[in-house]
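Asker: If you scroll down you'll find the structure; I have some questions about it.
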Amino acid sequence: MTAPTITRTLPSYIADRWVTPDPAADGAKITEITDASTGEVTAHAVSGSAAATGFSTTDAIAHARTVGQRSLSQLTTHERALILKNLALYLNERRDSLYELSFATGTTSRDNLIDIDGGIGTLFAFSSKGRREMPNANVIPDGPVEVLSKDGSFVARHVWTAITGVAAQINAFNFPVWGMLEKFAPAFIAGVPSIVKPATQTSPVAVECVRLMAESGLLPAGSLQIIAGAGRDLIDHLDERDHLAFTGSADTARHLRSSDAVQVDGLRFSAEADSLNAAILAPDATPDTPEFDAYIRVLFGEISAKAGQKCTAVRRAIVPAARVNAVVEELSAKLDDKVVVGDPRTKGTTMGPLVSKDQQRDVAAAVQSLVDAGATIRLGGGPVGEEAGAFFAPTVLTVDDPRTPAVHDTEAFGPVVTVLGYDDTAADKGISEAVELANLGRGSLVASLVTHDMDTAATVAKGIAAMHGRLHLVDRDDAKTSTGHGSPLPVLVHGGPGRAGGGEELGGVRGVHPFMQRTAVQGSPDHLTAVTGEWVRGAATRTVTRADIEAGTGVHPFRKSLAELRIGDQLVSEPREVTLEEIQVFADSTGDTFYAHTDEAAATANPFFPRRVAHGYLLVSWAAGLFVEPAPGPVLANYGLENLRFITPATYGDTIRVTLTAKRITPRVTDDYGEVCWDTLLTNQNDEIVATYDVLTLVEKENTTYANWGAE
Ligand code: NAP
């Protein structure tokens, strides 16, 4: 089916088809979407009755819970992660239509890099993280096995599994692409279908992005739906099966949080709300230092990017009182010199308008309330340019009393910053006051601290970290390489406590967890092996010894391709005696002549050793020799080991033996091989554990490379 191109009435994508609303239907409510620069109406969004929108929200949710859940659960984590990569590649080739629509929302080309390229980049990042850091399964173990009985017959492990409902999103207007994809990607990896309600004003961009994704043919049925212009009733139909991720103002967050769905029905709810982010200039960053320039660059970037309409933008510049004027003057001069406010489609424009006339009115009202509370406008302060557009001048305010409540509470969601002074003549140079002022924001997404003094960095970080989701520390060494104050990154947690909503998004695999439930599973080692797909010590094995292999009654696990290998396949080696001569040879050849291996008296005096002992690395090397199958075969490489612990020392006269068991098998979706993790246990003649670790190998899916090796 061909999707309609976006015309003046915005379609929604529901149950895998495009639905065009009927603005003439009974109960239709029409919202005009305007070009931010010209005020021209570019599209209509229709909300109201099902007859008007062409669908019912309950049907959309039911489709996600049934068709979406089913199609996603038929894929593994890595398969879904790979689809994300292909979606990203598809969108990357077709960004122009997104840019085009985005300009009408007031964004410049540079802003589009943040939203559109940033959104696509987030898909790439989650694809890569999902395949590298998560098992290729739908039950994801979390943490180690806990042994709950003395004999090891009752054990437990935590596991993550996908929630059984919908990942609903209600998004803010400022990042129609990034805001959608940064939530869609982790939900998709978790295996949970998404329903997106974008902010109406910029929904044409989000709808176009979904149009491209649907057109790609890559989306599993029911995995993504978008409700344009309507959907305010979404939360009324969600319950304990679902997750709602909200991004927007603190007021709307409060309203949603107080709904029955959250309060009564147990809907999982996370909010990314507004925040009064701070940037602190430390006392050491005097105007003659590179740090001072870096600070001005931070403020400049945060005011001008997206015309300040970023949840992470700096609203409060906290500087030594004696430097307030220097900061205001330097920043104002730079803004005057470099910022050209205008239609982003006009050459030379460096800052676009706000998203709408409504937004322009809101920001003007917020500036007015700051002025009413005692702030002074030092630059800008209100609308500029063509009357029809939503242009707003870069605005710098100062305030005499840095504790003025409005400054720490009123978010002017535009190109507005207030500069506050702290008392740097105090005994601690005002650091405690700077910390106090930063925390008056009552919880923020991010704070920058510009300092080249590491004691200041440590003190301020300790003082403000608990009130912030991210800290951005800048000095001469990282100013040029920093990714910026305002950029949430897919690998780092985004979100902040308190006023910022208390939510956490992104952060690599952490971002996937909100769409999954963590469950503690208790049972026997066999139960846990069956549930988690990872072999647990004590569970059943298929054991072979060297004698079995030589007699032809057993196959060495290293001779099995992934097609043949099963978790629990195990090799028990022959014993090997530890001799003093070999300890000495190892010490001499490696240079590791630590006394525990070379000096009998000193070793015996050590509380951990009976006398001279073998090097741990000698034992690990011997273990490799004891378990290896040397002939070319399906095992292609050993790429490391994990979780190595030396437990009981081995002295000369002891014998060691290794038991190697296939613990986890992860076929790679893009390659002809996969990863096999081998549980490795070194024991001595008394069955005490000498060492334990996981050996990591790459093994062919089929025995191809060396199948006929040496046959001729
Ligand atoms: P908003 O007015 O709260 O709207 C956000 C979303 O909520 C929109 O999709 C809106 O739909 C919807 N909405 C509003 N009232 C609703 C209701 N009663 N029931 C259900 N949905 C409702 O915020 P905004 O003006 O779009 O965004 C600006 C704010 O978002 C700023 O305060 C900014 O700080 C914050 N923000 C935070 C983050 C973050 O990550 N923490 C990121 C971006 C923005 P309609 O558009 O259809 O009204």
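The values are calculated or read from the model by the stated rules, or taken from the named source; none is laboratory data. These numbers come from a predicted model, not from an experiment. Because the Cβ atoms are built from the backbone with ideal geometry, glycine has one as well, and the counts that use them run over all protein chains shown. Remember, those area values only see protein heavy atoms, side chains included, never the ligands or the DNA or RNA. Shrake-Rupley method; radii C 1.70, N 1.55, O 1.52, S 1.80 Å.
Asker: HIS485 fails exactly one of the following numbered conditions: (1) in a helix (DSSP H, G or I); (2) modelled with pLDDT under 95. What is the number of that condition?
Answerer: Going through (1) in a helix (DSSP H, G or I); (2) modelled with pLDDT under 95 one by one, HIS485 breaks only (1).
Asker: Six or more apart or on different chains, Cβ under 7 Å: which pairs go from a residue in segment 296-315 that's within 16 Å of the ligand (Cβ to nearest atom) to one that's open to solvent by 10 Å² or more (accessible area, probe 1.4 Å) and among the aromatic types (Phe, Trp, Tyr)? Could you list them?
Answerer: Cβ pairs passing all conditions: GLN309/PHE413.
Asker: Just to check your reading of the model, which residue among VAL341, VAL314 is open to solvent by 20 Å² or more (accessible area, probe 1.4 Å), among the β-branched types (Val, Ile, Thr) and within 27 Å of GLY248 (Cα to Cα)?
Answerer: After ruling out the rest, the residue left standing is VAL341.
Asker: Looking at segment 674-686, can you tell me whether even one residue there is over 21 Å from THR543 (Cα atoms), touching a residue at least 24 places away in the same chain (Cβ under 8 Å) and open to solvent by 40 Å² or more (accessible area, probe 1.4 Å)?
Answerer: no
Asker: Check whether at least one residue in segment 101-124 is within 27 Å of THR164 (Cβ to Cβ) and touching a Ser or Thr at 6+ places or on another chain (Cβ under 9 Å), and report yes or no.
Answerer: No - not one qualifying residue is present in segment 101-124.
Asker: Also, quick follow-up: If I go through segment 476-488 residue by residue, how many of them are surrounded by 16 or more Cβ atoms within 10 Å (Cβ to Cβ), in contact (Cβ under 8 Å) with a residue 40 or more places away in the chain and on the phi < 0 side of the Ramachandran plot?
Answerer: Summing the residues that are surrounded by 16 or more Cβ atoms within 10 Å (Cβ to Cβ), in contact (Cβ under 8 Å) with a residue 40 or more places away in the chain and on the phi < 0 side of the Ramachandran plot in segment 476-488 gives 5.
Asker: Would you be able to say whether some residue in segment 322-339 is within 16 Å of the ligand (Cβ to nearest atom), closer than 16 Å to GLY381 by Cα and either aliphatic (A, V, I, L, M) or not in a loop (DSSP other than H, G, I, E, B) (or both)?
Answerer: no
Asker: Within segment 67-74, is even one residue closer than 30 Å to THR108 by Cα and open to solvent by less than 40 Å² (accessible area, probe 1.4 Å)?
Answerer: No, there is no match, as no residue in segment 67-74 is closer than 30 Å to THR108 by Cα and open to solvent by less than 40 Å² (accessible area, probe 1.4 Å).
Asker: Still on this model: Would you confirm, using the coordinates I've provided, whether GLU436 is in the same structural domain as VAL341 (by TED's automatic domain parsing), at negative phi and assigned to a loop (DSSP other than H, G, I, E, B)?
Answerer: no
Asker: In segment 547-596, how many are open to solvent by 20 Å² or more (accessible area, probe 1.4 Å) and farther than 28 Å from HIS527 by Cα?
Answerer: Counting residues in segment 547-596 that are open to solvent by 20 Å² or more (accessible area, probe 1.4 Å) and farther than 28 Å from HIS527 by Cα gives 26.
Asker: All but one of (1) touching a residue at least 12 places away in the same chain (Cβ under 8 Å); (2) within 31 Å of the chain's Cα centre (by Cα) hold for ASP35; which doesn't?
Answerer: (2)
Asker: Filter segment 375-416 down to residues that are within 16 Å of the ligand (Cβ to nearest atom) and in a loop (DSSP other than H, G, I, E, B) and give me whichever is most open to solvent (accessible area, probe 1.4 Å).
Answerer: It comes out as ASP409.
Asker: Taking interchain pairs and intrachain pairs at least six residues apart, which have beta carbon atoms under 6 angstrom, with the first residue in segment 146-169 and among the charged types (D, E, K, R) and the second open to solvent by less than 70 Å² (accessible area, probe 1.4 Å)?
Answerer: GLU146/ALA156; ARG157/PRO141; ARG157/VAL145; ARG157/VAL521; ARG157/LEU528
Asker: Further, regarding this structure: When you go through (1) more than 13 Å from the ligand (Cβ to nearest atom); (2) in a helix (DSSP H, G or I); (3) farther than 25 Å from MET134 by Cα one by one for ARG499, which number turns out not to apply?
Answerer: Failing condition for ARG499: (1).
Asker: Would you check which residues across segment 508-540 are polar (S, T, N, Q) and either crowded, with 20+ Cβ neighbours inside 10 Å or farther than 28 Å from ALA168 by Cβ (or both) and list them?
Answerer: Answer for segment 508-540, where residues must be polar (S, T, N, Q) and either crowded, with 20+ Cβ neighbours inside 10 Å or farther than 28 Å from ALA168 by Cβ (or both): GLN522, SER524, THR529, THR532.
Asker: Out of (1) more than 30 Å from VAL139 (Cβ to Cβ); (2) more than 38 Å from the chain's Cα centre (by Cα), the odd one out for PHE646 is which?
Answerer: The single condition PHE646 does not satisfy is (2).
Asker: Only one of these is over 17 Å from ALA317 (Cα atoms), at pLDDT 95 or above, among the charged types (D, E, K, R) and over 37 Å from the mean Cα position of the chain (by Cα): ASP372, ASP401. Name it.
Answerer: None of the other options fit; the residue is ASP372.
Asker: Let me ask another. Scan segment 277-289 and tell me whether some residue there is at negative phi and within 15 Å of the ligand (Cβ to nearest atom).
Answerer: Taking segment 277-289 as the starting set, the residues that turn out to be at negative phi are 277-289.
Imposing the further condition that a residue be within 15 Å of the ligand (Cβ to nearest atom) reduces the set to 277-278.
Yes - at least one qualifying residue is present in segment 277-289.
Asker: Please give the strands (runs of 3 or more DSSP E) falling wholly within segment 3-80 in which 2 or more residues are of a type in the set (Ser, Thr, Tyr).
Answerer: Values: elements: 12-14, 17-19, 28-34, 41-48.
Of the strands (runs of 3 or more DSSP E) lying wholly inside segment 3-80, those with at least 2 residues that are of a type in the set (Ser, Thr, Tyr) span 12-14, 28-34, 41-48.
Asker: Which condition from (1) part of a helix (DSSP H, G or I); (2) without any contact (Cβ under 8 Å) to a residue 60 or more places away in the chain; (3) over 14 Å from LYS306 (Cα atoms) is the one that GLY348 breaks?
Answerer: All conditions are met except number (1).
Asker: Within segment 99-120, count every residue that is surrounded by 19 or more Cβ atoms within 10 Å (Cβ to Cβ) and not β-branched (Val, Ile, Thr).
Answerer: Counting residues in segment 99-120 that are surrounded by 19 or more Cβ atoms within 10 Å (Cβ to Cβ) and not β-branched (Val, Ile, Thr) gives 10.
Asker: Considering each residue of segment 174-191, count those that are within 15 Å of the ligand (Cβ to nearest atom) and either touching a Cys at 6+ places or on another chain (Cβ under 8 Å) or not in a helix (DSSP H, G or I) (or both), and give that number.
Answerer: Result for segment 174-191: 6.
Asker: Considering only segment 180-201, I want to know if a residue exists there that is in contact with a helix residue (DSSP H, G or I) (Cβ under 7 Å, 6 or more places away or on another chain) and surrounded by fewer than 24 Cβ atoms within 10 Å (Cβ to Cβ).
Answerer: Checked against the condition, which is being in contact with a helix residue (DSSP H, G or I) (Cβ under 7 Å, 6 or more places away or on another chain) and surrounded by fewer than 24 Cβ atoms within 10 Å (Cβ to Cβ), segment 180-201 yields no hits at all.
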